[in-house]
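Quick notes on the structure that follows.
The values are calculated or read from the model by the stated rules, or taken from the named source; none is laboratory data. Note that the structure is predicted; figures quoted are calculated from it, not measured. Don't worry about glycine lacking a Cβ; one is built from the backbone with ideal geometry, like all the others, and counts go over all protein chains shown. Just so you know, the surface numbers come from the protein's heavy atoms only, side chains and all, with ligands and any DNA or RNA stripped out. Shrake-Rupley method; radii C 1.70, N 1.55, O 1.52, S 1.80 Å.
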Amino acid sequence: MSIHIAAKEGEIAEAILLPGDPLRAKFIAENFLKDPVQYTGIRNILGYTGTYQGKRVSVQGTGMGIPSISIYVNELFREYGVKRAIRIGTAGSIRDDVKIRDMVLAVSACTDSGANNIRFSGRNFAPTATFSLLKTAWDIAVSKGWQPKAGTVVSADMFYTENPEEWKLWAKFGCLAMEMECAELYTLAAKYGREALCLLTISDSLVSGEQTSAEERQTSFTRMMEVALETAIS
Ligand code: HPA
């Protein structure tokens, strides 16, 4: 058992899916995994291990934001030997050509977070996806006819920013979407020598103000989960 995860040694698979929402972890376990067993429920951050196409996979919530995902991913890498971590989340588009419901593969993540400032004493680290995972996920999505987008995302510390126009600077530099966790996942994967990928579904647009309905979110999320699960067991 680690401080925030109740699993015993061996209860978490080497490959794990990481949604922010713990109830999404429950949904994936109950609808996509065979024989899921819940291994943690501390703070209602649920985690399950089961099998997908005969291979062991875990799925666990991370909460929202860099401080929260940092706690769970640190413990998963350090104490449970997780080798492959795939975040599945939602993001807000900051470009006209990135549409609601689009699937985005995060090649890399800019951030305004204090975490890497503290860690690297003001130097800039470049949080980047594991290329083999990125390529596998891309190929799987394309083979299913779901044309994804790949590029840089932004992991912001604040959802409610003081300057509502802040995203425009990132858009000017070619970033595709705003979310709140990817940079920390990629940084920790680099530190511990593990594989990481972040798959995102566009849930809203900061450009147009559009938002997805709950039903649309469910359908596009299901596609992303399939890509994530097949990538996890590849
Ligand atoms: N900002 C940050 N994170 C998000 C957003 C957003 O607009 N939409 C979904 N996750």
DSSP-defined antiparallel bridges as percent of all bridges, segment 15-232, nearest 5: 40
Mean Cβ neighbour count within 10 Å, used as a protection proxy, ranking 125-134, 87-96 highest first: 87-96, 125-134
Given charges at beta-carbon only (K, R positive; D, E negative), |dipole| of the chain in Debye: 600
Distance between modelled label sites at LYS99 and LYS172, nm, 7 Å Cα→Cβ extension: 2.9
Within the accessible area of the chain (1.4 Å probe), percent carbon and sulfur: 53
Sites ARG78 and PHE131 - FRET efficiency at Förster radius 41 Å, r taken between beta-carbons, to 0.05: 0.95
Burial ranking of peptide ranges 138-147, 28-37, 160-169 (average Cβ count within 10 Å, highest at the top): 28-37, 138-147, 160-169
The chain, relative contact order [Cα under 8 Å, separation at least 6], %: 26
Residue-normalised accessible area of segment 66-131, given per residue in Å² at a 1.4 Å probe: 44
Which of GLN211, GLY47, ALA91, positive extreme of dipole for the chain (C-beta unit charges): GLY47
Spatially proximal aspartates and glutamates relative to LYS191 (Cα-Cα < 18 Å; intrachain offsets below 8 disregarded): GLU14, GLU75, GLU79, GLU181
Restraint check, LYS83/LYS144; LYS8/LYS144; LYS8/LYS99, Cα-Cα greater than 32 Å: LYS8/LYS144; LYS8/LYS99
Mean-position separation - Cα centroids, segment 157-234 and segment 82-123, in angstrom: 6
